[in-house]
Amino acid sequence: MTRLGWGSATDTGKVRQANEDAVLTTDGLFAVADGMGGHQAGEVASHLALDALAAAFDSPGTEVLVAAVEHANAAVVERSATDPGLAGMGTTLCAMALVDTGDREAIAVVNVGDSRLYLLSDGVLHQITEDHSLVATLQRQGRITAAEAAVHPQRNILTRALGIDGTVLIDSWEMVPVVGDRYLLCSDGLFNEVDESRIAAALRRIADPTEASLELIRLANEAAGRDNISCVIVDVLDDTGSGPTPMGDSRITSHSAPSDPDLGAGAMSATSGVRTASGSSGEPLAARNGMAQVPSALSSTLTWRVLLFVGSLLVLGAFVFGFVWWTGTHTYYVGVDGSQVVIYQGKPGGLLWIDPKVAETTELQLADVPAASRPAVSLGVEEPTLSAARTYVRNLLDQREQQTAPTTSTNPATSTNPATSRNPTTSIAPATSTSLG
């Protein structure tokens with residue numbers, strides 16, 4: 001039986017005039033959305049996405065949650081297309097839900113954009129989601145360090161968001177709920193201002209999830225409060241309803257973790273909630289082998305187990321080899337060869353021993369690629385098939401022709417609009433990346 005307790009808070013911050021963030025805390029479904037596109041459009045996008053998510057999540061399944069995110073994306077795209085005043089709006093979305101996998105309960109996670117999910121387990125904070133942003137991609141590819149990413153001038157450029165296109169790539173996976181674990185959903189207004197060691201310290205110190213959410217917002221505003229800040233904290237409770245126990249740093253020495261709040265008029269906190277659901281919980285597996293005196297029958301059993309283990313490793317090795325070979329030779333990406341835009345077969349940068357090779361050379365020069373798409377093309381825009389890569393190149397050619405035509409008619413549902421940025425330096429790069437979930 002899995003029991004969840006939760007609390008949330010959201011705040012405008014010290015600089016922004018409006019709060020474009022939105023939070024969702026319903027029975028077993030929790031989410032944070034960070035809207036983009038200007039004060040009105042960003043707020044509409046984030047709230048519309050979460051309303052559509054909640055309406056479509058009508059049964060506790062991971063596939064249902066992913067479909068609900070797709071429904072939310074369609075709702076934002078449709079509203080943007082039918083209301084010229086909201087053209088170009090978009091939003092991030094990071095959500096978790098308690099789901100039934102058939103034989104046990106699980107926590108399903110979905111993510112689009114750079115809002116995050118963290119897990120505090122045994123006092124140690126782990127970032128679960130991956131940011132869908134330009135600098136995060138550069139960092140994952142080893143081109144910049146974490147310190148460089150934190151101050152990169154293009155750190156606000158997203159590679160995925162809801163509302164930008166009719167289809168969206170969604171990271172999704174499942175996690176085992178463990179009593180005592182604490183989850184944090186948050187917008188970038190928190191982790192851009194407060195480092196992870198201070199976030200972890202607050203989550204360890206304050207047991208009540210609503211009070212912990214308010215403390216994190218206070219820390220972000222104390223640092224600078226340059227953006228909207230939203231937090232949703234979810235605790236996995238035991239049978240008595242107890243969640244994480246407050247602890248000082250002395251309680252976690254074995255781990256390598258290192259005035260009055262002014263929340264402003266935009267602050268809002270939700271009442272803490274508790275949910276109970278039936279289902280079996282996971283049990284850790286442990287084994288102790290006393291090898292001083294082993295009976296012959298047991299020795300024979302161990303021998304067969306060793307052979308089975310070795311055989312399993314060989315099968316696993318063959319599977320990994322086949323997977324790497326298939327991935328390295330049956331995927332494509334649009335990249336650059338010198339100054340020419342080309343379609344490569346393989347993965348950007350190569351995959352182990354498999355280097356990418358040019359599959360097709362296009363007529364497009366990098367200089368002719370629309371400015372908003374150049375960073376993504378320079379990094380390599382991954383596509384699942386050669387046909388999809390050709391379609392992406394055709395879209396770039398169409399955009400070039402539209403920009404060079406004497407008169408251009410733009411569709412407000414698909415044109416690049418300055419309103420899609422969170423601030424004057426924020427934009428959406430029309431890149432697609434392979435889902436890691």
Subject >> Given (1) touching a Pro at 6+ places or on another chain (Cβ under 7 Å); (2) within 27 Å of GLU20 (Cβ to Cβ), index of the condition SER187 fails >> reply: (1)
**OP:** Mind listing whichever residues of the stretch 45-66 are in contact with a strand residue (DSSP E or B) (Cβ under 7 Å, 6 or more places away or on another chain) and assigned to a helix (DSSP H, G or I)?
**Re:** ALA45, SER46, HIS47, ALA49, LEU50, LEU53, ALA54, THR62, LEU65, VAL66
**OP:** With the condition kept exactly as written, say whether any residue in the stretch 7-19 is in the same structural domain as VAL236 (by TED's automatic domain parsing), touching an Asp or Glu at 6+ places or on another chain (Cβ under 6 Å) and not in a loop (DSSP other than H, G, I, E, B).
**Re:** yes
**OP:** Kindly indicate the residue of the stretch 24-43 that is hydrophobic (A, V, I, L, M, F, W, C) and buried (at least 24 other Cβ atoms within 10 Å of the Cβ) and also nearest to CYS231 (Cα to Cα) among those meeting that condition.
**Re:** VAL32
Original post:
Taking strands (runs of 3 or more DSSP E) that do not extend beyond the stretch 69-159, which have at least 2 residues that are in the same structural domain as SER59 (by TED's automatic domain parsing), of a type in the set (Val, Ile, Thr) and under 25 Å from ASP227 (Cβ atoms)?
Top reply: 105-112
Original post:
In the stretch 61-99, what residues are buried (at least 20 other Cβ atoms within 10 Å of the Cβ), more than 17 Å from LEU24 (Cα to Cα) and hydrophobic (A, V, I, L, M, F, W, C)?
Top reply: VAL77, LEU86, ALA87, MET89
**OP:** Of the conditions (1) farther than 18 Å from THR91 by Cα; (2) surrounded by fewer than 20 Cβ atoms within 10 Å (Cβ to Cβ), ALA55 clears all except one; give me its number.
**Re:** (1)
Subject >> Set LEU162, LEU169, LEU138, LEU134: member being more than 30 Å from PRO209 (Cα to Cα) and modelled with pLDDT of 95 or more >> reply: LEU169
Original post:
Of the residues that sit in the stretch 299-345 and are modelled with pLDDT under 80 and of a type in the set (Phe, Trp, Tyr), which one is farthest from the chain's Cα centre (by Cα)?
Top reply: TRP304
Original post:
Within the stretch 337-354, can you find the residues that are in contact with a strand residue (DSSP E or B) (Cβ under 7 Å, 6 or more places away or on another chain) and outside any loop (DSSP other than H, G, I, E, B)?
Top reply: ASP337, GLN340, VAL341, VAL342, ILE343, TYR344, GLN345
**OP:** Working only within the stretch 375-387, note down all residues that are assigned to a helix (DSSP H, G or I) and buried (at least 17 other Cβ atoms within 10 Å of the Cβ).
**Re:** PRO375, ALA376, VAL377, LEU379
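The values are calculated or read from the model by the stated rules, or taken from the named source; none is laboratory data. Source: prediction; values computed, not measured. Note that each Cβ is placed from the backbone with ideal geometry, even for glycine, and that neighbours are counted across all protein chains shown.
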